[in-house]
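Comments concern the structure below.
The values are calculated or read from the model by the stated rules, or taken from the named source; none is laboratory data. Remember, it's a predicted structure, so these values are computed and weren't measured experimentally. Heads up, the Cβs are rebuilt from the backbone with ideal geometry, glycines too, and the neighbour counts pull from every protein chain shown. Accessible surface is based on the protein model in full, side chains and every heavy atom, while ligands, DNA and RNA are left aside. Shrake-Rupley method; radii C 1.70, N 1.55, O 1.52, S 1.80 Å.
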Amino acid sequence: MSGTTTGSTPAPSPAPTAVSARVPGSSLKRLTDELTALRPRMEEVSRAVHARPELKFAEFHALEVLTGWLAEAGFAVETGAGGVDTAFVAVHEGSTPGPYVAVLAEYDALPAVGHGCGHNLIAAGGAAAAIAAVRALPGHAGTIAVIGTPGEEMGGAGKVLLAEAGVFDGVDAAVMFHPSDRSATTQHALAAAHLRAEFTGVSAHAAKTPWEGRSALAAAQLFLNALDSMRQFVPPTARLHGIVSDGGQAANVVPARAAVDFYVRDTTSAATEALVERVRAAARGAALATGTEAAVTETGALYTERRDNGVLAARFGATVRALGVDIGPGAPDEPAGSSDIGNLSQLLPVIHPYVQTAAFGTPSHSDAMRDASATAFAHDRTRIAATGLARVVTDLVSDPEFLAAARAEFEGVEYEAGDGGETREVRDTGDRPDGARRLRPCRS
């Protein structure tokens with residue numbers, strides 16, 4: 001599906017303090033007023049997405065609701081972006097050339113739980129942030145966009161697919177927020193491998209001639225036991241978890257096929273990939289012990305560790321603190337999940353702050369978080385988060401020094417402001433991780 005609707009782990013920031021002191025973008029009061037006016041529609045959109053949870057790459061209702069609102073607000077909307085049916089790009093072009101800044105929206109749900117990760121708030125809040133930004137700066141330079149990134153859950157890797165299709169080419173920075181039971185401007189995330197271990201055996205009558213069979217389910221059970229035995233001998237930062245996705249179809253048949261879907265996580269991609277090799281060996285051992293065959297395959301792209309941009313995160317934090325939210329950097333040893341925004345953070349400056357939308361202690365990916373994501377409190381906090389995102393967006397398109405500082409941190413270079421407020425780079429302070437994109441010419 002494709003169509004167009006036109007509407008009317010980073011290095012420390014070299015000098016975030018100096019940049020944070022200068023805020024030439026739209027005033028906080030103007031943005032707050034715009035988000036207050038947008039709040040009813042934002043909540044309506046959020047509740048519409050929440051009420052009809054859709055799994056990865058099947059988010060057609062959410063797509064319709066979000067793009068309809070953005071088109072009404074004057075954004076030019078393209079659906080089917082990057083060849084992904086439920087992805088979209090909604091752009092508002094400025095009056096003069098300048099940076100391309102994107103607000104990211106996630107809107108897929110979880111099986112059985114629904115919106116237990118609060119993606120309805122991410123989507124509605126992100127759209128509201130972009131709309132508020134263009135209303136506050138109607139003559140803005142550059143491009144302000146909302147990029148709809150489906151399939152974040154269950155290893156869908158929607159952002160990876162869109163990046164590979166070129167959707168993020170030319171984007172100077174991307175921002176989003178995530179609901180949580182606590183607030184943090186930055187928070188590390190684990191790299192994650194999404195895998196399936198399939199075991200193939202021989203079927204037989206489970207009572208009459210079981211010795212003629214070779215149980216694939218027995219191999220799957222032994223494999224899971226091997227993972228449990230491995231836990232003592234992996235770093236405390238690693239995570240191994242999964243489910244039996246296929247354990248046979250009938251109790252009186254020796255299963256000829258079984259499958260385990262599971263994730264392998266650790267603090268870095270390299271550590272995760274090394275642990276995956278140990279897991280592959282465990283699958284081969286389980287197959288050898290049960291007379292079956294094993295195959296371990298990827299069910300989705302590897303999610304890399306996240307590199308939050310400290311310059312952008314500081315501006316977001318200062319904004320939401322001014323609106324009454326207690327927020328600061330997350331603890332480096334805080335338990336964490338994984339997301340495909342980690343892959344995007346290797347390509348360009350991004351932020352992924354967490355804003356408290358539920359009572360402290362509410363677990364993510366739970367019925368409790370799903371219910372919390374439809375409350376008035378959650379939408380109050382989403383309005384504040386959207387204001388923080390809108391502030392970062394408007395400052396990026398209006399303040400070349402702010403954008404230069406964010407880019408400098410991403411690339412690991414020091415910079416200094418030149419005459420007239422322009423920014424120039426001074427020296428390289430280190431190479432970026434393998435696969436990171438080099439510094440591109442600034443569109444401003």
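Just a few scattered comments:
- Residue 107 being open to solvent by 10 Å² or more (accessible area, probe 1.4 Å) and in contact with a strand residue (DSSP E or B) (Cβ under 9 Å, 6 or more places away or on another chain): no
- Screening the range 174-215 for residues that are assigned to a strand (DSSP E or B), out of contact with any helix residue (DSSP H, G or I) (no Cβ under 7 Å at 6 or more places or on another chain) and not hydrophobic (A, V, I, L, M, F, W, C) and picking the one that is surrounded by the fewest Cβ atoms within 10 Å (Cβ to Cβ) gives 205.
- Filtered by the rule that a residue be of a type in the set (A, V, I, L, M) and in a helix (DSSP H, G or I), the range 362-388 gives 368, 369, 372, 376, 378, 384, 385, 386.
- Single residue of the range 358-381 satisfying the filter (touching an Asp or Glu at 6+ places or on another chain (Cβ under 8 Å) and among the hydroxyl-bearing types (Ser, Thr, Tyr)) that is nearest to residue 118 (Cα to Cα): 364
- Filter pass, residue 166 being more than 27 Å from the chain's Cα centre (by Cα) and open to solvent by 10 Å² or more (accessible area, probe 1.4 Å): no
- When residues of the range 58-102 are limited to those that are of a type in the set (Asp, Glu) and over 22 Å from residue 173 (Cβ atoms), the one surrounded by the most Cβ atoms within 10 Å (Cβ to Cβ): 59
- For residue 278, the conditions (1) closer than 30 Å to residue 353 by Cβ; (2) open to solvent by 60 Å² or more (accessible area, probe 1.4 Å) are fulfilled apart from (1).
- For the range 216-259, the tally of residues that are part of a strand (DSSP E or B) and open to solvent by less than 40 Å² (accessible area, probe 1.4 Å) stands at 4.
- All conditions in (1) open to solvent by 10 Å² or more (accessible area, probe 1.4 Å); (2) at pLDDT 95 or above; (3) of a type outside the set (A, V, I, L, M) hold for residue 143, with the sole exception of (1).
- When each of 289, 318, 301 is tested for being out of contact with any strand residue (DSSP E or B) (no Cβ under 6 Å at 6 or more places or on another chain), within 23 Å of residue 390 (Cβ to Cβ) and open to solvent by 30 Å² or more (accessible area, probe 1.4 Å), the lone residue that passes is 318.
- Cβ pairs under 6 Å, 6+ apart, first in the range 304-316 and closer than 17 Å to residue 392 by Cα, second open to solvent by 10 Å² or more (accessible area, probe 1.4 Å) and small (Gly, Ala, Ser): 310/13; 311/13; 314/20
- Set 118, 126, 155: member being at pLDDT below 95 and open to solvent by less than 10 Å² (accessible area, probe 1.4 Å): 155
- Put simply, of 342, 361, 337 the only residue that is modelled with pLDDT of 95 or more and closer than 29 Å to residue 274 by Cα is 342.
- The set of residues in the range 398-430 being open to solvent by 10 Å² or more (accessible area, probe 1.4 Å) and at pLDDT 95 or above consists of 398, 400, 401, 404, 407, 410.
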